[in-house]
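Participant: Just dropping this structure here.
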Amino acid sequence: MAMIKDRTRATQTATPGGRRRPARRDWRGWQFTGPFAVVFAFVFIAPLFYALYLSVFQNKLIGGNSFVGLDNYIHALSDPQFWDGFLRVLLFLLVQVPIMLILALVAALAIDSARLYATGLFRMIIFLPYAVPAVVAVLLWGFMYGNNFGLTANINDLLGSDVLKPLSGQWILVSIGNIVTWEFIGYNMLIFYSALKTIPAELYEAAEIDGARGFQVIRAIKLPAARGAIVIATIFSIIGSFQLFNEPNVLKPLANNAISSYFTPNMYAFNLSFAGQQFNYAATVAIVMGVITAVIAYVVQLRGTRKEDR
């Protein structure tokens, strides 16, 4: 108690009238965090507010840039092209993300099982695609998918018919899902593997004493321990799915009109801005998509946290 009083006196200074006032605040911590705060404000907060500003204006032929309030948002919520792209990435998310995460979890469990030979090499091989730049990875797969060249064309020539059509309209989303899975399975595998390595050895010893083996250990110990990592990887994957852009945009010249300018919401906003010069509406589409993504990611996080608390 005396130490607390001494500290209180040390942080106070006497005024001419005999009263005490708190000492001046120490700002030395901001000398370290200040540069990051300034950069964060310029590269994140300022563009966000600028996009909000653009979204409530509209560039008209007569009158120039005029304030329209929420008209752009009303238009976006009733825009069939926007919802077509949104439903496409939603379907992509519901199919591709579970497959990718399950494969990544199986790979992490295999490496952690200590029954796999050359685990370091195996881990590096799975992670290596993530180190390849996204555009290079898409170009690599695009060459293999080509109807007139590459691996697909060679197989079709060998069979004497066009059996494989990965760049056709009915298969293009599956082809993109294959590329994204190949790119990010190693990234998610490392997230799961890191969570598995934090499990105390005492739990395995107790399970061995109780006679637990194989899948019993996985179900009772490993999966509950990796639940937090699974939630994080799911949230990252949801955000990445709604931000789908590189893969369809690079494949578009090869896909023979299978990929439209509004194939995904990000492609729609990009083409509105840089091809259609509709900067205000493009900002609106980006904001609407960002809000939807944030809400869905928050709901997944909330449900995952509740299950983890139980």
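The values are calculated or read from the model by the stated rules, or taken from the named source; none is laboratory data. From a predicted model like this one, the values you see are computed outputs, not experimental measurements. Positions of Cβ are generated from backbone atoms using ideal geometry, with glycine treated the same way; all protein chains shown enter the neighbour counts.
Participant: Quick one: is ARG25 modelled with pLDDT under 90 and assigned to a loop (DSSP other than H, G, I, E, B)? Step through it out loud before you land on a result.
Facilitator: Details: modelled with pLDDT under 90: yes; assigned to a loop (DSSP other than H, G, I, E, B): yes.
Spelling it out, ARG25 is indeed modelled with pLDDT under 90 and assigned to a loop (DSSP other than H, G, I, E, B).
Participant: Can you go through ALA212, ALA195, ALA220 and tell me which one is small (Gly, Ala, Ser) and under 20 Å from ARG303 (Cα atoms)?
Facilitator: Values: ALA212 fails: under 20 Å from ARG303 (Cα atoms); ALA220 fails: under 20 Å from ARG303 (Cα atoms).
ALA195 is the lone residue from the list that is small (Gly, Ala, Ser) and under 20 Å from ARG303 (Cα atoms).
Participant: Still on this structure, please answer the following. Among the residues in the range 37-52, are any closer than 19 Å to SER273 by Cα, in contact with a helix residue (DSSP H, G or I) (Cβ under 6 Å, 6 or more places away or on another chain) and surrounded by 10 or more Cβ atoms within 10 Å (Cβ to Cβ)?
Facilitator: Looking for residues that are closer than 19 Å to SER273 by Cα, in contact with a helix residue (DSSP H, G or I) (Cβ under 6 Å, 6 or more places away or on another chain) and surrounded by 10 or more Cβ atoms within 10 Å (Cβ to Cβ), one finds at least one in the range 37-52, hence yes.
Residues checked against (1) surrounded by 20 or more Cβ atoms within 10 Å (Cβ to Cβ); (2) more than 15 Å from the chain's Cα centre (by Cα):
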position	(1), (2)
ILE218	no, yes
LEU223	no, yes
VAL231	no, no
SER261	no, yes
TYR268	yes, yes
ASN271	no, yes
ALA275	no, yes
GLY290	no, no
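Participant: Run TYR117 past the list (1) in a helix (DSSP H, G or I); (2) of a type in the set (Phe, Trp, Tyr); (3) more than 25 Å from the chain's Cα centre (by Cα) and report the number of the one that doesn't hold.
Facilitator: (1) is the only condition that TYR117 fails.
Residues checked against (1) of a type outside the set (Phe, Trp, Tyr); (2) touching a Lys or Arg at 6+ places or on another chain (Cβ under 7 Å); (3) within 24 Å of PRO133 (Cβ to Cβ); (4) in contact (Cβ under 8 Å) with a residue 40 or more places away in the chain:
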| site | (1), (2), (3), (4) |
| --- | --- |
| ILE259 | yes, yes, yes, yes |
| SER273 | yes, no, yes, no |
| VAL291 | yes, no, no, no |
| ALA297 | yes, no, no, yes |
| VAL300 | yes, no, no, yes |
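Participant: Select from the range 141-176 the residues that are surrounded by 20 or more Cβ atoms within 10 Å (Cβ to Cβ), part of a helix (DSSP H, G or I) and free of Cβ contacts under 8 Å to residues at least 40 places away in the same chain and list them in ascending order.
Facilitator: THR152
Participant: If you check ASP6 against the conditions, is it exposed (fewer than 11 other Cβ atoms within 10 Å of the Cβ), of a type in the set (Asp, Glu) and modelled with pLDDT under 95? Talk me through it step by step, then tell me what you get.
Facilitator: Numbers: exposed (fewer than 11 other Cβ atoms within 10 Å of the Cβ): yes; of a type in the set (Asp, Glu): yes; modelled with pLDDT under 95: yes.
Taking the combined requirement at face value, the residue satisfies it.
Participant: Which residues, counting only those in the range 110-128, are of a type in the set (A, V, I, L, M) and either surrounded by 12 or more Cβ atoms within 10 Å (Cβ to Cβ) or without any contact (Cβ under 8 Å) to a residue 40 or more places away in the chain (or both)? Please lay out each step first, then the result.
Facilitator: Looking only at the range 110-128, we keep the residues that are of a type in the set (A, V, I, L, M), and these are 110-111, 114, 116, 118, 121, 124-126, 128.
Scanning the range 110-128 gives ALA110, ILE111, ALA114, LEU116, ALA118, LEU121, MET124, ILE125, ILE126.
Participant: Cβ-Cβ below 7 Å, separation at least six or inter-chain, first residue in the range 29-54 and in contact (Cβ under 8 Å) with a residue 60 or more places away in the chain, second part of a helix (DSSP H, G or I) and surrounded by 11 or more Cβ atoms within 10 Å (Cβ to Cβ): which pairs?
Facilitator: ALA51/ALA283; ALA51/ALA286; ALA51/ILE287; LEU52/ILE287; LEU54/PHE279; LEU54/ASN280; LEU54/ALA283
Participant: Within the range 177-196, identify whether any single residue is in contact with a helix residue (DSSP H, G or I) (Cβ under 6 Å, 6 or more places away or on another chain) and either loosely packed, with under 15 Cβ neighbours inside 10 Å or part of a loop (DSSP other than H, G, I, E, B) (or both), and answer yes or no.
Facilitator: No, the range 177-196 contains no residue that is in contact with a helix residue (DSSP H, G or I) (Cβ under 6 Å, 6 or more places away or on another chain) and either loosely packed, with under 15 Cβ neighbours inside 10 Å or part of a loop (DSSP other than H, G, I, E, B) (or both).
Participant: Closer than 30 Å to ALA153 by Cβ, out of contact with any helix residue (DSSP H, G or I) (no Cβ under 7 Å at 6 or more places or on another chain) and of a type in the set (S, T, N, Q), is that true of ASN249? Reasoning before the result, please.
Facilitator: Numbers: closer than 30 Å to ALA153 by Cβ: yes; out of contact with any helix residue (DSSP H, G or I) (no Cβ under 7 Å at 6 or more places or on another chain): no; of a type in the set (S, T, N, Q): yes.
It is false that ASN249 is closer than 30 Å to ALA153 by Cβ, out of contact with any helix residue (DSSP H, G or I) (no Cβ under 7 Å at 6 or more places or on another chain) and of a type in the set (S, T, N, Q).
Participant: Quickly run through the range 52-89 and pick out the residues that are outside any loop (DSSP other than H, G, I, E, B) and of a type in the set (A, V, I, L, M).
Facilitator: Residues satisfying the conditions are LEU52, LEU54, ILE74, ALA76, LEU77, LEU87, VAL89.
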